[in-house]
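Okay, structure first, notes after.
The values are calculated or read from the model by the stated rules, or taken from the named source; none is laboratory data. As the structure is a prediction and not an experimental result, all values here were calculated from the model. Every residue, glycine among them, receives a Cβ derived from its backbone with ideal geometry; neighbour counts consider all protein chains shown.
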Amino acid sequence: MDSHLISEFRSIVGDAGLVTAPEQLRTYECDGLTLFRVVPELVLLPASGEEMQAVVKLCYRERIPFVARGSGTGLSGGALPVKGGVVIGVSRMNRILDVDLANARVVVEPGVTNSAITAAVSGCGYFYAPDPSSQIVCTVAGNVAENSGGAHCFKYGVTTTYILGLEVVLSNGSLVRLGGKTLDFPGYDLVGSFVGSEGTFGIVTKVTLRIIKKPECIQTLMAAFNSSSEAGQAVSDIIASGMFPAAMEIMDRLALEAAEAAVHPNYPNCQALLLVELDGSVREVDRLMEAVGPICTKCGAWELRLAKSDAERMAVWKGRKAAFAAVGRISPNYLVQDGVIPRTALPRVLGEIDRLSAEAGLRVANVFHAGDGNLHPLVLYDRRIAGQEERAMVLAEDILRLCVEAGGSITGEHGIGEEKKHFMPVMFSEADLDAMQRLREAFDPYGLCNPSKMFPGTDVTYQRPIAYEPHPIEKAGLAQRY
Amino acid sequence: MIEDAVATPVNVATPTNGKTRVFDEHHPPSADLLNVCVHCGFCLQTCPTYTLWGKEMDSPRGRIHLIGMAVDGEVALSDVYVSHFDHCLGCQACVTSCPSGIKYGKLIEAIRSQLERLYRRPLGERMFRKMLAATFSRPQRLRKLAIALRLYQGLGLQRLARALHLTALLPQNLRTMEQLMPDLSRKECSAVLPPMIPAKGEKRRTVALITGCVQSVFTAQANAATARVLAAEGCEVLVPQNQGCCGALLLDLGQEDDGAQDDRSVRVLESRRHHRQRRRLRGNLEGLWLLAAR
Amino acid sequence: MIETQYPIEIAWTDLEAIVGPEYIRPASATDTVDGLRPAKVIAPGTAQEVANVLQYCSSARLAVVPRGGGTKLGLGNRPQKADLILSTERLNRVVEHVWGDMTVIAEAGCTIDSLQRAIQPHRQRLAIDPLWPEKTTVGGLLATAESGTLRIRYGAVRDLVLGVEVALPDGSLIKAGGKVVKNVAGYDLTKLMIGSLGTLGVITRAALRLHPIPVATASYSITVGSAAEANKIVLAILASYVIYTGLQVRTDRAGHVTIDVRFEGIPESLEDQHEKLAKLAAGCNIAQVSDEVWNARRQLFTGADCSVICKCSVLPSQIGSLCDGVFRQINATETNATIVAQGTGLTEVRLDSGLSSLIKAVDGLRNEVDLLEGTLVIEHCPVPMKETVNVWGTLKDVPLMQQIKGKFDPARTLNPGRFVGAI
């Protein structure tokens, strides 16, 4: 990049907000998905909304595409840099600006981590509900970009349910305020449209979100089954009985092994473990939990364990949340997939996954949000063995196709990003994708915000125009270019 | 348990892409250890330098990435490259949050020793680091320094120097050290512990205490407090006299243990092993625990 | 936009060819929109027909007003033009009820009541209570994003819709979202369509998430002497472990305010909640009441031809101040007011008086709401008032909204002029 331009950026963000050395830029070449790597031209880390706006204005002036980055924990390559573009990180904008407990609203800068929000309000009995497994590191900006979910979104909803207002810098450097602290702003739901737009509409400089009161009583039941389909049946029966648990998760044998090795949650030694969490008033939870046990047993659960205290519950959930990365202990490499199916299709799809993985000769560990049908098959392989990586990628894609066939979605939480953009036509028609593009053009007509993501055929290599050099004949005044 | 601090891995770091090797043969960072990292980023928010600066290169994940790049021969050991390893505190908070079980301590040790050998620092830095190694690893020299510093503080010279901003004349490193100097006026700061402190009440265990270098000279009250707590818990506390440095500081500077100094506290303790009684070795200094953990 | 002098009779013939001659009829006196009488009412039978009709109207420069139950045709500005009402009455099926997934797919013209009846056998419901469920259709509910008393527990319309199928003015029929609860594939066009008042497209079907029908319900009313006291109790309830599924404040004069609270669940749970409530409202008059109190919103709209009904949105902690502000304004303008506020801060205020007083009262109320940094939208008012009063209020982000409108409906076929910023 032109050194003048770098100085201009430096005058906005200072040395503390600039990364220029090639070896440093390499550390930004990917996020949580390491399959794709692109080195950015520059990384900018503004410390305030004003600096952010100035940076984007400069990018706009020079027509430089930019990719926003939170903590870089995303699993779909959303923060993968664009060739020839810059990365704008929000990690230095990490202040909590306002906590209004009476109205259960919090205003934060985009770089605040998900769990920091809960930490700020939990002393007073509140929490921020969307709880992705990476919540100790991932930022609210990332959550907004991907519309992150989490284990408890079956009852509590996903990120978009909790975002009331956004202050956004658009690609032309203008600042807009969408929504706000009160509900139902007249006009189009721009906040709802922005959440989940994977950084293609602009960059967030402020987030106004809702927190909710912690329930009076929370209990988590672990039920050990001999197969995932039995566990899945139990889930269906629990829902059919009219109960509305806060979370329902299933982990299969491989995933349990990994989690046990990582954090020693002391799970029962079984083929499939079902976690059911109920919350509400003390009496209600006790009463409902009495009913859940027999339902599980009827479906084949041979052991039931109840975690009542906060400490016990935390241990149970720590294992579940560490499961992905923990799989690294039982396999040299793995691919985590993210697909959704209607819950009623669970037994069939799980059986199909078993069949496909046997055919491919690879192991698949399964962790899923049974309550909402969001599957996370972890395809285990060893890159050093010839052909395994390719087979793993094909298997992962086959599983996704299976999800769509079953009436589900190609992504429940991780987003499309780079990873699944060529898959979009599997789920959406041309007219559907065209409608989405129209919305994108309304927000970013210049195509500068994370331009190469989400849609097929958008691979971009941005090349800055070469400064025009007149031909000698032109210089001599003998010819004109028009 | 104190283990061999720099275990030799089987897999020597050689780039398979035909590029020039950056590290030398002597205990390079192990590719096996590096491969444990799945780039999930869970370590970022527990790392003090990342939470302070927000830059990926100053996070454990970023540092591991940098080491990997050098292992692959894709980067030279430049000032910028080295600075990120100098920034690492070696606190290993990242290890507690890593779901994959990365042995970050071994990696940071390996790279520091490589950098110490292969990277030529500016003269001022080299002198400063020599001074650190020479003074802080020798408790006797530290004691002499402490006497001088006690005078500096006690005679009001420190107050004068600070008031007249004379400290601004010092190079950055020394200025920071001057600012961080603890208050040495109380004699407990350098008190030497007796060789044995009996357990209070019923003796449940025998514990040997590593007194450390800086700790025993500047903040020995912490050692005394540790001994008191251990004694109260029913431990008989043995404090081998004339302990030297445990080696942690030198390891952080990238210098390896060459076995030359007999007064290394670990060796002192091992040589004082009496019966075949199992001993618990206790140190209350960060550095010592890190040494043990590696 | 160039107005072509289109021979209108040709248009009707062409449209007859799309839907069939029996499904396009002249508009009658009951088919007016804010006093404007369109020429025809057309009722397509399939989603594709809807798309074809819209495409035709776009190229013919005809203005279309989509209509479900017709309950909210008075919402928004007067349309700049209204040639045709597009009724969804024939798209009224419940397509699929997958009770095991707690989801249902219904066509846009299906009324809320018939939807609830269809899913009731499996003890499930759509947790939204619009004003007139017997008339309001799924499409209309989504297009207006109406907010009822269940919202405070179960979420807004936007939180309960999993996906939509929409006919766009260019003739395409698109799907957004899906039918599963977790889905982040692509942009959330579903959210864009919800509350868009039919200005971007016509929703033809929707996938909705359902909840179990509660085993039992109980409602209680607490009467207090001032809006400030009521606000204190409301905030205490919001900050407590009480699990309310409805929380409402009603008042029509200073000095008499009622708080309604609803509980749902197993009988043990209801007892528990009542005990907790009693502790919070100790010293006040608490009485168990029937479900009727939750029809208070509906009563606001009854006999309201000459009234103004405003939807004010403030923070829950400001409900009391809002009520005080309302009473200040009505005292100044000799107006009567009835207030029904939800614990979410969404408050409906009905004002009754002569036209000029009403205009002054609304102006004054708008100032009060501005001071509280809230918003005020006029949901219903006498048509002549729309000449002088800004129904939507002054807003930010209008340029961005205009951009979006321009991308989806460049010919301004749908509801031209009705939405914010006269989109």
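What the table below lists for this structure:
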read-out	value
Leading residue by the ranking (surrounded by the fewest Cβ atoms within 10 Å (Cβ to Cβ)) among those in the range A:59-72 that are more than 9 Å from every other protein chain (Cβ to nearest Cβ) and touching a helix residue (DSSP H, G or I) at 6+ places or on another chain (Cβ under 6 Å)	A:66
Selected residue (criterion: farthest from residue C:241 (Cα to Cα)) from residues of the range C:269-291 that are in a helix (DSSP H, G or I) and more than 14 Å from chain A (Cβ to nearest Cβ)	C:291
Matching residues, the range A:135-150, being part of a helix (DSSP H, G or I) and either within 11 Å of residue A:209 (Cβ to Cβ) or of a type in the set (Ser, Thr, Tyr) (or both)	A:140, A:143, A:144
Selection from the range C:390-423 of residues that are in contact with a helix residue (DSSP H, G or I) (Cβ under 7 Å, 6 or more places away or on another chain) and either under 25 Å from residue C:83 (Cβ atoms) or in the same structural domain as residue C:140 (by TED's automatic domain parsing) (or both)	C:392, C:401, C:402, C:404, C:407, C:408, C:411, C:413, C:420, C:421, C:423
Qualifying residue in the range C:46-56 (condition: touching a Phe, Trp or Tyr at 6+ places or on another chain (Cβ under 6 Å), over 24 Å from residue C:213 (Cβ atoms), touching a residue at least 40 places away in the same chain (Cβ under 8 Å) and not in a helix (DSSP H, G or I))	no
Whichever residue in the range C:87-120 is more than 14 Å from every other protein chain (Cβ to nearest Cβ) and in a strand (DSSP E or B) and, among such residues, is farthest from the chain's Cα centre (by Cα)	C:94
The listed residue being in contact (Cβ under 8 Å) with a residue 60 or more places away in the chain, in a strand (DSSP E or B) and not basic (Lys, Arg), out of C:203, C:237, C:259	C:203
Residue in the range A:34-49 that is under 24 Å from residue B:37 (Cβ atoms), away from every other protein chain (no Cβ under 14 Å), surrounded by fewer than 21 Cβ atoms within 10 Å (Cβ to Cβ) and in contact with a Leu (Cβ under 9 Å, 6 or more places away or on another chain) present	yes
Residue among A:397, A:390 that alone is more than 13 Å from chain C (Cβ to nearest Cβ), under 20 Å from the mean Cα position of the chain (by Cα) and surrounded by fewer than 18 Cβ atoms within 10 Å (Cβ to Cβ)	A:397
Residue check, residue A:66 aromatic (Phe, Trp, Tyr) and without any contact (Cβ under 8 Å) to a residue 60 or more places away in the chain	no
Residue C:337 vs. criteria part of a strand (DSSP E or B) and either closer than 27 Å to residue C:216 by Cβ or among the charged types (D, E, K, R) (or both)	no
Helices (runs of 4 or more DSSP H) (entirely within the range B:198-294) containing at least 3 residues that are at pLDDT 75 or above	B:214-218, B:220-232, B:248-252
Residue that is nearest to the other protein chains (Cβ to nearest Cβ) [pool: residues in the range A:13-27 that are surrounded by fewer than 21 Cβ atoms within 10 Å (Cβ to Cβ) and assigned to a loop (DSSP other than H, G, I, E, B)]	A:21
Out of A:307, A:272, A:262, A:315, sole residue that is in contact (Cβ under 8 Å) with a residue 12 or more places away in the chain, buried (at least 22 other Cβ atoms within 10 Å of the Cβ), more than 14 Å from chain C (Cβ to nearest Cβ) and out of contact with any Gly (no Cβ under 8 Å at 6 or more places or on another chain)	A:272
Test: residue C:371 is closer than 30 Å to residue C:323 by Cβ and within 11 Å of another protein chain (Cβ to nearest Cβ)	no
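This table checks each residue for (1) under 23 Å from residue C:379 (Cβ atoms); (2) at the interface with chain A (Cβ under 8 Å from one of its Cβ atoms); (3) out of contact with any helix residue (DSSP H, G or I) (no Cβ under 9 Å at 6 or more places or on another chain); (4) not polar (S, T, N, Q).
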site: C:163; (1), (2), (3), (4): no, no, no, yes
site: C:185; (1), (2), (3), (4): no, yes, no, yes
site: C:194; (1), (2), (3), (4): yes, yes, no, yes
site: C:206; (1), (2), (3), (4): yes, no, no, yes
site: C:218; (1), (2), (3), (4): no, no, no, yes
site: C:232; (1), (2), (3), (4): no, no, no, yes
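This table checks each residue for (1) without any contact (Cβ under 8 Å) to a residue 60 or more places away in the chain; (2) hydrophobic (A, V, I, L, M, F, W, C); (3) not in a loop (DSSP other than H, G, I, E, B).
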site: B:39; (1), (2), (3): yes, no, no
site: B:42; (1), (2), (3): yes, yes, no
site: B:51; (1), (2), (3): yes, no, yes
site: B:57; (1), (2), (3): yes, yes, yes
site: B:62; (1), (2), (3): yes, no, yes
site: B:65; (1), (2), (3): yes, no, yes
site: B:68; (1), (2), (3): yes, no, yes
